[in-house]
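Below: one structure, written as structure tokens.
The values are calculated or read from the model by the stated rules, or taken from the named source; none is laboratory data. The model shown is predicted, which means the values in this text are computed figures rather than measured ones. Please note: Cβ atoms are built from the backbone with ideal geometry, for glycine as well, and neighbour counts cover all protein chains shown. Remember, those area values only see protein heavy atoms, side chains included, never the ligands or the DNA or RNA. Shrake-Rupley method; radii C 1.70, N 1.55, O 1.52, S 1.80 Å.
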Amino acid sequence: MDVQDKIKKIEEQIEDTVKDIKTSKTLQEMKMRFLGKTGEISALLKNMRDVPPEQRPAMGKLLNALRQWTEEKFDSIESRLKELELKKRYSEEKIDVTMPAEISDDGAYHPNTLIRNELISIFSGMGFEIFEGPEIENDYYNFTALNTPKDHPARDMQDTFYLAEDLLLRTQTSAGQIRVMENKKPPIKILSPGKVYRSDDDATHSPMFSQMEGLVVDKGITLCDLKGMLDEFAKKIFGGGVKTRLRPSYFPFTEPSVEVDVSCFECGGNGCRLCKGTGWIEVLGAGMVNRRVLEGCGIDPDEYTGFAFGMGIERIAMLKYGINNMKLLFEGDTRFLKQFKD
Ligand code: PHE
């Protein structure tokens, strides 16, 4: 086949393929096939060596014309494709401004988060540092080191989820007290927020809830320091007129142990539904750190004393915001949560 025939054949092939080019991808493929370095037109150009010298100028002209013709063909297809693609994008991205708007609910801080942040701000103002312990805890930290060995009846106070013989979901952030005292010498002043777990489930209990733990250890710390600090805390969180009182209680890791009540901020202490007619509301457990706990952490109880307290964050939130069912705090219903937008 002579060169002219070959040129003709390529022209026909191009005319043929061009009809089917619908995407930029096939366009690129065809460009490579005909105009690429190893493409069909380049192959013809390479063959020029075999053409007798007197025919070369004429042949060269023909081939150059072919290449130019091919390039123009592809260029025009390319601009047509681009235009089509742009049109498609425009129609896809078209916005109908007369359509009704999609309403999306605004977020708001969860009551737990509000209370936790408020507590952190109150106590960090008093010089407390934050410590966060693990939620999966050793039996030792959650119980034994807190003066609650395996056969201690006080273990019954908390229905525990055990993961293995000595591994459990912590039932109290008090476990963090031990982790702190093992690693830090007094003075210690830490605040420890976190989730805790107990097999308990009703309107005021949930198998997972949150606590805020406080621990202060130093020389000369007394129950008076605990009372003074809690008084301050209660006024800040429930209002300036609120009073606190301590009632004797029992926790293995504190001695003496107390339950802390605040005067009812709803009725001012006269008795109402919130305080069940008593005028007082129980808000937390606390006490002086038991000397056996200090000793176990290598702290000399004759030199140092301390107090600890622990409160349920959900409970504080329910009291402060008048929430009567704890489940509302776990459902994530935006109609409920929206009410806490400031
Ligand atoms: N850990 C106790 C509880 O969960 C609360 C507490 C903390 C009591 C610190 C005394 C001191 O019930």
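Would you be able to say whether some residue in the stretch 144-162 is over 30 Å from Ser124 (Cα atoms), away from the ligand (no atom under 16 Å from the Cβ), under 26 Å from the mean Cα position of the chain (by Cα) and assigned to a loop (DSSP other than H, G, I, E, B)?
Scanning the stretch 144-162 turns up no residue that is over 30 Å from Ser124 (Cα atoms), away from the ligand (no atom under 16 Å from the Cβ), under 26 Å from the mean Cα position of the chain (by Cα) and assigned to a loop (DSSP other than H, G, I, E, B).
Looking at (1) open to solvent by 10 Å² or more (accessible area, probe 1.4 Å); (2) under 25 Å from the mean Cα position of the chain (by Cα), which one does Ser174 not meet, given that it meets all the others?
Going through the list (1) open to solvent by 10 Å² or more (accessible area, probe 1.4 Å); (2) under 25 Å from the mean Cα position of the chain (by Cα), Ser174 breaks only (1).
Quick grid of which residues meet (1) within 25 Å of Ile120 (Cβ to Cβ); (2) in contact (Cβ under 8 Å) with a residue 40 or more places away in the chain:
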position: Cys272; (1), (2): no, no
position: Lys276; (1), (2): no, no
position: Ile281; (1), (2): yes, no
position: Asn290; (1), (2): no, yes
position: Arg315; (1), (2): yes, yes
position: Met326; (1), (2): yes, yes
position: Leu329; (1), (2): yes, yes
position: Gly332; (1), (2): yes, no
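Going through the stretch 205-219 one residue at a time, which ones are within 18 Å of Gly285 (Cβ to Cβ) and surrounded by fewer than 16 Cβ atoms within 10 Å (Cβ to Cβ)?
His205
Look through Thr222, Thr244 and report the one residue that is surrounded by 15 or more Cβ atoms within 10 Å (Cβ to Cβ) and hydroxyl-bearing (Ser, Thr, Tyr).
On the way: Thr222 fails: surrounded by 15 or more Cβ atoms within 10 Å (Cβ to Cβ).
Checking each option against the conditions leaves just Thr244.
Pull up the stretch 320-334, narrow it to residues that are assigned to a helix (DSSP H, G or I) and over 22 Å from the mean Cα position of the chain (by Cα), then point me to the one that is farthest from Ser104 (Cα to Cα). Even if it seems obvious, please write down each step before you answer.
Let us first name the residues in the stretch 320-334 that are assigned to a helix (DSSP H, G or I), namely 320-321, 328-331, 334.
Next, only the ones that are over 22 Å from the mean Cα position of the chain (by Cα) stay: 320-321.
On the way: Lys320: 29, Tyr321: 25 Å.
Across the stretch 320-334, the extreme among qualifying residues is Lys320.
Out of curiosity, is Tyr250 surrounded by fewer than 17 Cβ atoms within 10 Å (Cβ to Cβ) and within 13 Å of the ligand (Cβ to nearest atom)? Walk me through how you get there before you give the answer.
Numbers: surrounded by fewer than 17 Cβ atoms within 10 Å (Cβ to Cβ): yes; within 13 Å of the ligand (Cβ to nearest atom): yes.
Answer is yes for this residue.
Can you pull out every residue in the stretch 58-81 that is farther than 17 Å from Val3 by Cβ and free of Cβ contacts under 8 Å to residues at least 12 places away in the same chain?
Keep residues of the stretch 58-81 that are farther than 17 Å from Val3 by Cβ, which gives 71-81.
Matches in the stretch 58-81: Glu72, Asp75, Ser76, Ser79, Arg80.
From the residues in the stretch 175-228 that are more than 23 Å from Pro149 (Cα to Cα) and in a helix (DSSP H, G or I), which one is nearest to the ligand (Cβ to nearest atom)?
The extreme case among them is Leu226.
I need the full set of residues from the stretch 180-201 which are in contact with a strand residue (DSSP E or B) (Cβ under 6 Å, 6 or more places away or on another chain) and closer than 19 Å to Glu118 by Cβ, in order please.
Kept after step one, since they are in contact with a strand residue (DSSP E or B) (Cβ under 6 Å, 6 or more places away or on another chain), are these residues of the stretch 180-201: 180, 186-193, 195-197.
Hits for the stretch 180-201 are Lys189, Ile190, Leu191, Ser192, Pro193, Lys195.
Of all residues in the stretch 5-47, count the ones that are in a loop (DSSP other than H, G, I, E, B), surrounded by 13 or more Cβ atoms within 10 Å (Cβ to Cβ) and of a type outside the set (Val, Ile, Thr). Show your work before the answer.
Here is the first cut: in the stretch 5-47, the ones in a loop (DSSP other than H, G, I, E, B) are 19-23, 36-39.
After this cut, where a residue has to be surrounded by 13 or more Cβ atoms within 10 Å (Cβ to Cβ) as well, the list is 21, 36, 39.
Next, from what is left, pick out any that are of a type outside the set (Val, Ile, Thr): 36, 39.
Qualifying residue count, the stretch 5-47: 2.
Filter the stretch 94-143 for residues that are of a type in the set (Phe, Trp, Tyr) and either over 26 Å from the mean Cα position of the chain (by Cα) or exposed (fewer than 13 other Cβ atoms within 10 Å of the Cβ) (or both) and give the result. Please lay out each step first, then the result.
Step one: of the stretch 94-143, the residues of a type in the set (Phe, Trp, Tyr) are 109, 123, 128, 131, 140-141, 143.
Across the stretch 94-143, the qualifying residues are Tyr140, Tyr141, Phe143.
Going by what's in this entry, would Asp105 be described as among the charged types (D, E, K, R) and at pLDDT 85 or above? Quick ask: steps written out before the conclusion?
On the way: among the charged types (D, E, K, R): yes; at pLDDT 85 or above: no.
No; evaluated as a whole, the condition is false for this residue.
For every residue, the table says whether it meets (1) under 35 Å from the mean Cα position of the chain (by Cα); (2) assigned by TED's automatic domain parsing to the domain that holds Val196; (3) part of a loop (DSSP other than H, G, I, E, B).
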position	(1), (2), (3)
Val258	no, yes, no
Val262	yes, yes, no
Leu274	yes, yes, yes
Ile281	yes, yes, no
Gly287	yes, yes, no
Arg292	no, yes, no
Ile299	no, yes, yes
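May I ask you to list the residues in the stretch 252-301 that are of a type in the set (Gly, Ala, Ser) and modelled with pLDDT of 95 or more?
Initial filter on the stretch 252-301 (of a type in the set (Gly, Ala, Ser)): 257, 263, 268-269, 271, 277, 279, 285-287, 296, 298.
Once the filter is applied, which keeps residues that are of a type in the set (Gly, Ala, Ser) and modelled with pLDDT of 95 or more, the stretch 252-301 yields Ser257, Gly285, Ala286, Gly287, Gly296, Gly298.
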